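Written out below as structure tokens is the structure these notes cover.
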Amino acid sequence: MVPSELQQKDRLLLATIGLLSYFALSGVLAPMGLLIDPISAQLDLSDVEAARLLSGFSSGNLVGAVLALFILSWFSYKRIVMTIYTSAAGILVSLGVINEPALIWFLLAGLGLTLGIGLAVAAQLIAVIYKADQRAALLVATDSSFSLAGTVMAGLTMILLATPILGVQTWAGAYLPILIVVLLILGVASFTRYPSPEIVNRSWRWLGLLPWPVWSVGAALFAYTLGQTTVLLWLPSALVSEAPDLSLGGEAVSRYWMGMFIGQLTAVVLVIGIGRRKVLWFGAVGAAAGASALLLMLDQASLLPWVSLLWGILNFGALKMLIALATDAVKRLPDAMIPGLLLLATAGTATSPLLSSWVVEMAGARVAMGVGVASLVVMALLALVTSGFVKQSE
């Protein structure tokens, strides 16, 4: 079935699946910093070992982002969706009963892989079945769903960690809402009609023809997600080391994602009013400045949640603005360029737990947050320098 033959109902259902797919991945990723202490206590691990255990998810997510570049042309959309989310549901149930660290790492890697492929399928379907302004609006909506999940899950996690699930109190209980979302995706996907995938023979020669600004944007995307994930991952632990109140870390993380949600909606308005290039400047500088302020305010418990909220707002959709900058740098957009850029962003998220855990082992959580801030500063510099050499397309 070609996209033009889909009924409006099917388009709406596919868009709903896309929004839920972004919600599911963010809902697993966002509260990870809050799970370090519960995992350490339940499995008798150090904080560093717990963080490395959680890195299984981001590592699997990276593999999923790579596989998605290929399997979207090998199998039907419906088969991919039903297979990966059935697998994700089984993994989420298994995490509630398994206490062997090595097995948990592989289960989290499998979960990251499946949800990573799901994210790519969601973006691809929206690009295929919607055009022009509707497509742009829905892609922004997926980012908003991602941020909303972070807000909701950061708040729910503290409640769920203290609530026994079927009589068992486990860190994996924090992911019960994600299991519900995954089952909802499967329910909707089971009776929704999908467009047929386009079978293409990919040629990767375009990689060698990309101008340097595209590679610079790729580096900026990596630095952005590396810095963001590192700061959020170790914020609760840094606060516990200063004052024994994990709930403050949960509130700060939740406020950040709420700020991201507000900032993304604001960015849509600002792009229309002042142009996407200026929004990129504000977002890149704001992301670095907001994270720096958060690091400096760790000792100010009453102000910290508000600083975290402001940091989220000041991002102004910087990730999508960076991708827009890369598209301005090429005359003809290669099919796989945007998925490739998203892959680099995923790589930053994936490597953060492992790299930052080494820093924590040597110097502590606060220093690891400083490394995350430095990464965001690098991102801002790359964005500002690159945008000065790229002419904005109309």
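The values are calculated or read from the model by the stated rules, or taken from the named source; none is laboratory data. These numbers come from a predicted model, not from an experiment. Backbone-built Cβ (ideal geometry, glycine too); neighbour counts: all protein chains shown. We work out accessible area using only protein heavy atoms, side chains counted, and drop any ligands, DNA or RNA first. Shrake-Rupley method; radii C 1.70, N 1.55, O 1.52, S 1.80 Å.
Quick look at the values:
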read-out: Rounded accessible area per residue of the stretch 76-132, 1.4 Å, Å²; value: 38
read-out: Calculated FRET efficiency for the pair L384/L209, C-beta based, R₀ 30 Å, to 0.05; value: 0.75
read-out: Theoretical ellipticity at 222 nm over the chain - DSSP helices of four or more residues, -39500 (n - 2.57) apiece, nearest 500; value: -27000 deg cm²/dmol
read-out: Anisotropy class of the chain from Cα gyration tensor, a/c 1.5 cut; value: oblate
read-out: Electrostatic dipole magnitude of the chain [Cβ: Lys, Arg +1; Asp, Glu -1; Cα centre; debye, to 20]; value: 1460
read-out: Where labels lie 7 Å past Cα in the beta-carbon direction, separation of L354 and S76 in nm; value: 3.7
read-out: Accessible-area order (highest first, 1.4 angstrom probe) of the listed residues V269, V81; value: V269, V81
read-out: Burial order of peptide ranges 220-231, 317-328 (average beta-carbon count within 10 Å, highest first); value: 220-231, 317-328
read-out: For W281, net neighbour charge (Lys/Arg +1, Asp/Glu -1) across residues whose Cβ lies under 15 Å away; value: +3
read-out: Cα gyration tensor category, rounded, prolate or oblate, for the stretch 35-98 with a/c compared to 1.5; value: oblate
read-out: Listed residues P339, P236, P211, most fluctuating in the chain (Gaussian network, C-alpha, under 10 Å); value: P211
read-out: Protection proxy ranking of 141-150, 103-112, 178-187 - average other beta-carbon atoms within 10 Å, highest first; value: 141-150, 103-112, 178-187
read-out: Interchain or long-range residues, amide H under 5 Å from G317's placed H; value: Q264
read-out: Pairs of Cα atoms farther than 23 Å apart, the stretch 275-386, %; value: 37
read-out: Using θ = phi - 60° and Karplus 6.51 cos²θ - 1.76 cosθ + 1.60, couplings along the stretch 258-263 (whole Hz; Gly, Pro as x); value: 5, x, 4, 4, 5, x
read-out: Cβ-based charge dipole, the chain, positive-most Cα from A88, L125, L314; value: L125
read-out: Segment S46-D299, extension gain: residue separation times 0.36 nm, minus the distance between their alpha carbons; value: 88.7 nm
read-out: Two-site FRET efficiency, L103 against T16, from Cβ-Cβ distance with R₀ of 25 Å, rounded to 0.05; value: 0.15
read-out: Extension gain from A363 to L183, taking 0.36 nm per residue of separation minus the Cα-Cα distance; value: 60.6 nm
